[in-house]
Every structure is written in C-alpha cells, then in structure tokens.
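Read through the structure below, which is laid out as structure tokens, and then see the notes.
Derivation of every value follows stated rules applied to the coordinates shown; laboratory data play no part. In this text, all values refer to a predicted model and were calculated from it rather than measured experimentally. Cβ placement follows ideal geometry from the backbone for every residue including glycine, while neighbour counts extend to all protein chains displayed.
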Amino acid sequence: MPSPDAADKPPWLRTRACVPRGASVRGELLAGQLRTVCDSSRCPNLGECWGKGHATFIVLGDRCTRSCRFCAVPSGKPSGTDLDEPGRIAEIVKRLGLRHAVVTSVTRDDLSDGGACIFAEVVREIRWNNPGTTVELLIPDLQGDRRALETVLGSAPDVLGHNLETVRSLQWIRDRRASYERSLSVLSMSKEISPGTLTKSSLMLGLGESRDEVIQAMDDLRAADVDLLTLGQYLPPKGASLQVRRYVPPREFEELSVQAKRMGFKGARAGPLVRSSYDAFDLMTEAGARRC
C-alpha cells in the first residue's frame with residue numbers, strides 16, 4: 001500500500017493553535033531550562049494541553065542512545081546527567097499548579113541503571129514540593145533490568161507507563177535493542193514489583209498493521225496485566241524517516257476503545273490525536289475509581 005500524500009490528511013487531524021496559556025507554560029519551561037515531549041515530538045495536542053496548563057517533561061538530556069524510525073528526537077552520544085533537574089521540574093510543577101505531572105525521558109543505555117535513579121528522584125521531589133500532585137512516569141525499557149525497575153517503582157509513582165509502540169510484525173520500526181517481548185516483560189515485571197501501581201502502554205496505528213494484529217497486541221498487554229491503554233494515529237514528525245501508511249478513521253478508534261474495555265483495561269483512550277499522556281489525569285482517575 002503506497003503512503004498517502006501529506007495533502008490527503010483528513011479533516012479530523014486538524015488541530016487548534018496554542019492558546020495564550022500555552023505561551024506562559026513555554027516561558028516557565030525556558031526559565032527552568034526544561035524540555036517537554038510536547039515540543040520535542042511536535043505533539044498534535046500541544047495547543048489543547050498547554051492551554052490547560054498540562055505538560056509532559058523530558059529528563060536525562062536531549063540525545064537518545066537509540067534510533068527509532070518513528071521518532072524525531074536526536075540520537076547520539078548523550079551529555080552527562082543533570083542532578084539538579086528533578087528539583088527544577090518540581091519547582092515548575094508548583095508554579096504551573098499541576099495536579100498531575102507526567103515525566104518521560106530519552107533512552108540512556110549508557111547509564112548503568114538506564115536513568116532509574118533520576119526518575120525516582122523526580123517523583124520524590126515533585127511529591128515533596130507539591131503535596132497532592134499525582135505523578136506518572138513513561139519510562140524506556142531500562143534494558144529489562146529488574147533492579148532498575150525496583151528503583152523507579154520504589155519512589156511510588158501513581159502510574160508507570162512503557163510503550164509497546166506497535167504490533168509484533170512491525171517492531172522493526174523500533175531500535176534493534178528494543179523488542180516486543182522485552183516491553184511486555186517490563187510491564188509484567190512492574191506489576192509483580194508493585195501490584196498497586198497502575199501500568200500503562202500505547203500503540204501507534206496507521207503503519208500497515210491489521211486489525212487482528214492490533215487486537216492481539218491488546219490481548220498481550222492484558223496478559224501482562226496492563227491497566228491503561230492509549231491508541232493513536234501515527235503522524236511522522238519532522239525528520240522522521242518512517243511514513244504513515246493509512247489514516248485510521250475515528251470510528252475505528254471508537255470501536256477499539258470499546259473492545260479495550262471489554263478486554264478488561266481499567267481505562268482506555270483511542271483517537272486520531274491521542275498520545276501516551278493525552279488526558280492522563282482523567283484516565284488515571286477513571287482507573288482508580290474502577291479499582292475501588
């Protein structure tokens with residue numbers, strides 16, 4: 001199937017411009033020398049989320065040690081870790097009045113713990129400076145290291161996310177050091193280590209996968225006891241080598257959302273513009289209510 005031309009992008013993928021509150025968020029981030037995934041991945045929801053004062057922070061530098069074909073984050077030799085970063089993030093969370101902070105990172109295979117200590121410190125700093133703020137982490141696979149996972153989960157994040165990214169047959173779009181099995185293992189192991197922590201994963205659609213493959217991936221995530229699921233349309237960021245194969249219509253996403261809840265996911269979001277941290281607070285809250 002040939003890739004659709006950019007001019008063929010359907011109307012449901014149009015996004016709103018960033019509202020004034022978004023400018024204030026960007027100003028705070030610049031002042032704190034912090035970055036967000038909103039900017040780095042050119043998220044289509046940037047206007048909506050920043051308009052609400054929400055942001056997903058990136059820690060551990062701006063260079064990834066892996067090179068996935070769908071990602072626009074630069075790869076190469078990373079810089080050293082910034083030990084003051086957790087404190088600055090906690091301060092910005094306080095200034096913005098965030099009730100739910102999401103933190104992710106580039107992959108740091110060069111670090112012995114994959115950056116686990118920094119993730120844990122971010123959670124502790126946010127909690128110390130912002131009582132009542134919930135914290136969600138979206139982590140790389142940490143090379144499947146159980147001790148690193150124990151370090152992260154020892155800080156007690158409310159949600160621990162790790163993305164499967166795509167169906168089994170399309171895992172070649174990820175860096176060769178990532179794998180379908182390892183990602184499922186990380187999610188399963190996380191639940192073993194901390195049964196009370198909500199786990200979360202995400203799939204991109206429109207890359208040539210079949211519906212049956214998507215359902216199988218969802219089944220595999222449930223077998224790993226994953227609680228929360230997000231499904232969204234892959235949109236090539238500037239600089240990415242991987243092109244979209246199909247624009248999935250909203251109705252298909254709605255059907256998959258219904259299917260996810262039938263499978264037992266405690267919360268699901270599915271739509272063309274849905275991303276890993278989209279509507280994260282409400283999704284977590286819904287899942288928490290179902291657990292009670």
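Key figures for this structure:
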{"read-out": "Number of the condition not met by GLU286 [criteria: (1) out of contact with any Gly (no Cβ under 6 Å at 6 or more places or on another chain); (2) without any contact (Cβ under 8 Å) to a residue 24 or more places away in the chain]", "value": "(1)"}
{"read-out": "Those residues of the stretch 190-211 which are over 20 Å from GLN171 (Cβ atoms) and hydrophobic (A, V, I, L, M, F, W, C), in sequence order", "value": "ILE193, LEU198"}
{"read-out": "Pick from the stretch 56-71, criterion more than 13 Å from the chain's Cα centre (by Cα) and polar (S, T, N, Q), ranking: surrounded by the most Cβ atoms within 10 Å (Cβ to Cβ)", "value": "THR65"}
{"read-out": "Selected residue (criterion: nearest to THR56 (Cα to Cα)) from residues of the stretch 72-126 that are among the hydroxyl-bearing types (Ser, Thr, Tyr) and buried (at least 21 other Cβ atoms within 10 Å of the Cβ)", "value": "THR104"}
{"read-out": "The stretch 112-125: number of residues that are touching a residue at least 40 places away in the same chain (Cβ under 8 Å) and of a type outside the set (Gly, Ala, Ser)", "value": "3"}
{"read-out": "Scan of the stretch 66-108 for residues that are assigned to a helix (DSSP H, G or I) and acidic (Asp, Glu), ordered by number", "value": "GLU85, GLU91"}
{"read-out": "Hits in the stretch 144-165 - residues which are without any contact (Cβ under 8 Å) to a residue 60 or more places away in the chain and either crowded, with 17+ Cβ neighbours inside 10 Å or farther than 18 Å from ARG108 by Cα (or both)", "value": "ALA148, LEU149, THR151, VAL152, LEU153, GLY154, SER155, ALA156, PRO157, LEU160, HIS162, LEU164"}
{"read-out": "GLU150 vs. criteria under 20 Å from GLY232 (Cα atoms) and of a type outside the set (Ser, Thr, Tyr)", "value": "no"}
{"read-out": "Residue count for the stretch 171-191, restricted to those that are surrounded by 22 or more Cβ atoms within 10 Å (Cβ to Cβ) and within 14 Å of ILE139 (Cα to Cα)", "value": "4"}
{"read-out": "Odd one out for GLN171, checked against (1) touching a helix residue (DSSP H, G or I) at 6+ places or on another chain (Cβ under 6 Å); (2) touching a residue at least 24 places away in the same chain (Cβ under 8 Å)", "value": "(2)"}
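Here's the yes/no breakdown for (1) farther than 19 Å from LEU273 by Cα; (2) under 20 Å from the mean Cα position of the chain (by Cα); (3) not acidic (Asp, Glu):
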site	(1), (2), (3)
SER190	yes, yes, yes
SER201	no, yes, yes
MET204	no, yes, yes
SER210	yes, no, yes
GLU213	yes, no, no
ASP219	yes, yes, no
ALA224	yes, yes, yes
